[in-house]
Amino acid sequence: MWVFLYEEGVTPTNNHAERLLRFAVLWRKRSFGTQSGKGDRWVERILSVRQTCRLRQIQTFPVLVEAISCYFKGKAPDSAWISQA
């Protein structure tokens, strides 16, 4: 909990993490959430993909199009973009 005291460069606040979650929190507030567990899982996954794309500085739409195309072709989508630094 007090890592910032011992490690150089670690900030004492969680502002970065809160900013990463802000879009999802605002979406949930505007849309009143979902009505089922299945809807919850879909929202978790789609917002996670969106945020990952944002952090990697790539567009979300082409990633989703490729994933859906691969699904209908019975192939696994290329997920190498997820682990890029």
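Every number in this text was worked out from the coordinates using simple rules, so none of it is lab data. On a predicted model such as this, the values are computed, not experimentally measured, just so you know. Cβ placement follows ideal geometry from the backbone for every residue including glycine, while neighbour counts extend to all protein chains displayed.
Here are a few things to note about the model shown:
- Helix 37-56 and the longest principal axis of the C-alpha atoms of the chain enclose an angle of approximately 70°.
- Given +1 at the Cβ of Lys and Arg, -1 at the Cβ of Asp and Glu and no other charges, the dipole of segment 3-82 around its Cα centre is 480 debye to the nearest 20.
- Separation of the I68 and N15 label points, Cα + 7 Å toward Cβ, nm: 3.8
- Tilt relative to the chain, helix 60-73 - C-alpha long axis, 0 to 90 degrees, to 10: 40
- Where labels lie 7 Å past Cα in the beta-carbon direction, separation of F61 and A76 in nm: 2.9
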